[in-house]
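Student: Dropping a structure here in structure tokens format, bear with me for questions.
No value in this document is a laboratory result; all are computed from the given coordinates. Remember, predicted model here, so these are calculated numbers, not experimental data. A quick note on method: Cβ atoms are made from the backbone with ideal geometry, for glycine too, and the neighbour counts reach across all protein chains shown.
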């Protein structure tokens, strides 16, 4: 049975992960059957592509700076200080990462536009003489949205590092005369560095490969948009292959770099849990802190608030808030043919992707935890590889590798959408089932076997019941994330009949009249779905749910 | 007490509603190893953290060389602290860990180098200087922790159960090492432990703590042979105790009426006639030669071999059980059922007022305290 599971897992990963990616290589390096670097070098002579590369790097760097400035102090405040409402804020600041900034971008356009809410408010308060172009060329707006979306990753990583942090390491330095700043510089930060680098690398790759936000902001000079556009004329212009290759290599490098940093850092001493729950703040300081945190919460939830407002607004021109509210957009969601198709499609794709992931996650997690075989390393690496592969790169690879086959997404993307949703989330499930199996004492299986149960029976009667809660929680999260998956949905769905929700939102957002409002309503529904799923999953899995947000 | 270094005045601290320290007053003299001994949860570590400056007392003052340092932040106190878990910095090598304190002070590179080398030599760590803490054994980590604190020559060195993570052999070796280092450097140490053996063998003076209070302060000999109450008597060893009533004084001896007859003890001027007391003796305080007072006629019930002694359980006709320690050669000849007459010289008797409110440290049946890890 183990061999069967192994071959099935390898077959799936080979076909939907290895093959399409390998397909990219000859396309980027072969011309007329001969090896060439011409395609790569042609990238360097194309000023639009060079500009896009530069912009993408700038954007990613800016997002890292932004998320560091918010995330690090936030993590320190929320783990090191005691004040009423701390638990509430700890949860609250995870929320911004739940909804793709691409949905929030629709609402933020309304807020940040030349005559949007913010400028109107400031004008009315006479704080500015003329409207400020917040969105600028568009790059700043994208950076703001990405920062507001991604800083929870920084916050979570630093918090996790701080939670494992042995406070006596700092006290030892203080007893030798280190001031607070010296302490932070020489002890605290070096010890937090692995967590920080991990967060930076996730954020960098995420920002570099985010397709949805620049599309909504109609800002084409960025790497992901160039890749997206390249798909349409891929047969005449091979630049897309090289761009995807660049993205893949960059993400892989960051991934490897992070692992190295995390593994190289010696971390064996200490790690005693903090005995004291942090400094207790004075009333006054508490009030100040809570006010500051609330302000940050409002700002970072602004994209979400704005789409909620947008979804209920019937008229919102040249006013700070909508001048007329209605349920119309929600009615439209359930009556428009396009939105209904999108919802039905997404439900279908996501359900199947969830089932696939549960089966694969169970199989691979079990194999890795309970069987030592040649090729174990390979299976492990393959199952975890999607963490390092941006959605847009994989989607592009699918588009080209399966073009002209019965799986051609231009004809029918159903299989590929289900496959890409499951491949993208597989690492999370594998990791959680693996951890689950590891924690179960092998003696339990041996006890069952000694009473005469065969391996199949043991698995069904002993192991499965013990890991079902974790598995279900994982499944729910796969479902929720698949429902809201952006870049692969945008790339792979070509025909309206097969559009998933994200693509519908994107199409609607670009329409005039009530398009953005309906798109917002759809986004709000997605948000609700996600919250419900998250609640359900955390009930099942308890605190282990945070595993889904750690990416190394 | 000359050369006064640290004094605590009425230090109190509560965590939430729980009082952890109830008005601790204490003085520690220069160049001594002072022990805070007590069961876990008695507040000794909190007291140490208050002295170090990681914890603020709710009330009371801390004076160091006459200066009030109560509000001074930890990093300006110049008080060293060795942690129970060592708290070595995993990202720095042994050398860097030890050099850290000197580098903070921006001392010349050459001087730092020389001092670190001296310190590593003193602690036998020179061969490990380029290793990271995770590559060291427990004993080596412990020595790095010591070296790191000692190198800046703190005015006071605090040690928080520094040996509790080591195995028994290593612990014994490190006790000697710390004593030696203290002698060589002359640094004043305050050492927290729950291990009475450690406290008795290493301390110049010690304070026994219980439930947030200091129960008794003294030299190891005073604490062991003249415990002021039941808690101390129990915590620092085993004691055979009987309840009794003071019946008077005679030729400088305190007379106490007990179920085993009239017992006599020296000292104890502050007892009054008729006062309820507890009187007893340590297991090794007995003599098998016939004595004039405090003679017990007993029957041996059980013998077992201990560390260099024979443990003998004996019962009096009245049903009282006694634990006695005899030299191995004497004790091995004893058998269960045999009669045993012993006496305790009055100067080795222990007397203190009966105080039912003080809880006994560990309930035992006349046996030696199990050796705590």
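Student: So for A:200, B:42, fewest C-beta neighbours within 10 Å to most, what's the order?
Tutor: The fewest-first ordering by Cβ neighbours comes to A:200, B:42.
Student: Another one. Taking 0.36 nm per residue of sequence separation and subtracting the Cα-Cα distance, how much length would be gained by fully extending the chain between residue A:347 and residue A:132, in nm to one decimal?
Tutor: Between residue A:347 and residue A:132, full extension yields 73.2 nm more.
Student: Apply 1/(1 + (r/R0)^6) to the Cβ-Cβ distance of residue A:472 and residue A:369, taking R0 = 25 Å, and write down the FRET efficiency to the nearest 0.05.
Tutor: For residue A:472 and residue A:369, the calculated efficiency is 0.85.
Student: To continue, here is another question. Under a point spin-label approximation (7 Å from Cα along Cα-to-Cβ), what is the residue A:80-residue A:334 distance to one decimal in nm?
Tutor: 5.1
Student: Let me confirm one metric for peptide A:155-167, namely the mean number of other chain beta-carbon atoms within 10 Å of its residues' beta-carbons.
Tutor: Rounded to a whole number, the mean comes out at 1.
Student: In the calculated pair distance distribution of chain A, what percentage of Cα-Cα distances lie above 43 Å?
Tutor: 22
Student: Got the relative contact order for region B:1-118 handy, in percent, Cα pairs under 8 Å and 6 or more residues apart?
Tutor: 22
Student: Taking all pairs of distinct Cα atoms, average 1/r, flip it, and tell me the Kirkwood hydrodynamic radius of the protein assembly as shown in Å to one decimal place.
Tutor: Taking every pair of different Cα atoms in the protein assembly as shown, averaging 1/r and inverting gives 33.5 Å.
Student: Sticking with this structure for a sec: On a full-extension model of 0.36 nm per residue, what is the gain between residue B:221 and residue B:76, subtracting their alpha-carbon distance, rounded to one decimal in nm?
Tutor: Additional length available on full extension: 48.6 nm.
Student: How far, in nm, would the chain grow between residue B:168 and residue B:31 when pulled straight, counting 0.36 nm per residue and subtracting the alpha carbon separation?
Tutor: Residue separation times 0.36 nm, minus the Cα-Cα distance, leaves 46.6 nm.
Student: Estimate the FRET efficiency between residue B:249 and residue B:176 by the formula 1/(1 + (r/R0)^6), using the beta-carbon distance for r and 45 Å for R0, to the nearest 0.05.
Tutor: 0.50
Student: Starting from the Cα of residue A:435, move 7 Å in the Cα-to-Cβ direction to define the label point; list residues of region A:450-483 whose amide nitrogen is under 20 Å from there.
Tutor: A:463-482
Student: So, one more: I want the antiparallel fraction of DSSP beta bridges within region B:4-225, as a percent rounded to 5.
Tutor: Antiparallel bridges make up about 55 percent of those DSSP assigns within region B:4-225.
Student: Could you give the distance between the Cα centres of region A:462-504 and region A:154-168, to the whole Å?
Tutor: Cα centres, region A:462-504 to region A:154-168: 30 Å.
Student: Given C-alpha coordinates of region B:238-353, what is the ratio Rg to Rh with the Kirkwood estimate of Rh?
Tutor: 0.99
Student: In addition: How high is the relative contact order of region A:46-326, in percent, counting Cα pairs under 8 Å that sit 6 or more residues apart?
Tutor: Averaging sequence separation for qualifying contacts and normalising by length gives 32 percent for region A:46-326.
Student: Which whole number gives the average count of other chain Cβ atoms within 10 Å of the Cβ atoms across peptide A:184-194?
Tutor: Mean inter-chain Cβ contacts per residue within 10 Å come to 2.
Student: Another one. Can you grab the distance from the C-alpha centre of region B:205-221 to the C-alpha centre of region A:302-326, Å, no decimals?
Tutor: 71
Student: Expressed as a whole number of Å, what is the distance separating the alpha-carbon centroids of region B:65-109 and region A:178-204?
Tutor: Here the answer is 20 Å between Cα centres.
Student: By per-residue mean of other Cβ atoms within 10 Å, what is the highest-first order of B:307-320, B:274-287, B:135-148?
Tutor: Answer by packing, highest mean first, reads B:135-148, B:274-287, B:307-320.
Student: Averaged over B:96-106, how many beta carbons belonging to a partner chain fall within 10 Å of each residue's beta carbon?
Tutor: What the average comes to for B:96-106 is 3.
Student: Give me the base-10 log of I(q)/I(0) for chain B at each q in 0.07, 0.09 Å⁻¹, Debye formula, one uniform scatterer per Cα, rounded to two decimals.
Tutor: Ignoring solvent entirely, the Cα scatterers give -0.40, -0.62.
Student: Now, a different point. Can you tell me, using C-alpha contacts under 8 Å and at least 6 residues apart, the relative contact order of region B:238-353 as a whole percent?
Tutor: Computed over region B:238-353, the figure is 30 percent.
Student: So how tilted is helix B:94-104 from the main axis of chain B? Cα-based, degrees 0 to 90, rounded to 10.
Tutor: Taking the Cα atoms of chain B, the angle to B:94-104 is about 70 degrees.
Student: Also: In nm, give the distance between the simple-model label positions of residue A:54 and residue A:185, each being 7 Å from the Cα along the Cα-to-Cβ direction.
Tutor: Distance between label points: 3.5 nm.
Student: Output the 0 to 90 degree angle, nearest 10, between the alpha-carbon long axis of helix B:138-150 and the longest principal axis computed from the alpha carbons of chain B.
Tutor: The angle comes out at about 70 degrees.
Student: Also: Could you give the angle, 0 to 90 degrees to the nearest 10, between helix B:168-185's Cα long axis and the longest principal axis of the Cα atoms of chain B?
Tutor: 60
Student: Label-point separation (nm) for residue B:10 and residue A:41, each offset 7 Å from Cα along Cα-to-Cβ?
Tutor: Spacing of the two 7 Å Cα→Cβ label points: 8.8 nm.
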